[in-house]
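As structure tokens, the structure follows; a few thoughts come after it.
Throughout, read-outs are computed from the coordinates displayed, never taken from laboratory work. Note that the structure is predicted; figures quoted are calculated from it, not measured.
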Amino acid sequence: MSDTTTPSAVFRHGLDLLVAGDIDAWVGLWDEDGVCEFPFAPPGAPRRLDGKEAVRAYMAGYPDMVDIAGFPYVEVHQTENPEVIIVEMRAEGRVVSTGRPYEMSYIVVATVKNGLFTHYRDYWNPLAAGELAAGPDAPWSGAPSSAA
């Protein structure tokens, strides 16, 4: 594996692409049969995306929702399997619709083979994301809707 195709290098390059808002290039880092999982997804949100095109569809509107300014904290942990890393990170930016600051901590377990993501398990807090996006009545906030 060359330095540019190691899991850490691919992951860090992916973060740079997210900051640039280049979703097409970020999706280009995915294997055709790659799987993305969201173990903490709330009801109604996808828990699993099968294949590169499902990832592309899911991420299509991302730059319209969150403008990521950077990832000030990224800690990559190599596992015993050289293709698997565990990443602790924090994103900062702003929520496009509200202008509110965006800050989210994540843990990702990523598998990279031949320079492409084949498996990506994304542990993030959808309750906090919903509140950041639109306040406590946001669909994923966990709070009861006021529009009854």
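Taking θ as phi - 60° and the Karplus parameters 6.51, -1.76 and 1.60, the scalar couplings of region 3-8 work out to 4, 7, 10, 5, x, 4 Hz in sequence order, x denoting glycine and proline. Only Cα pairs under 8 Å and 6+ residues apart enter the sum, and on that basis the relative contact order of region 3-134 stands at 27 percent.
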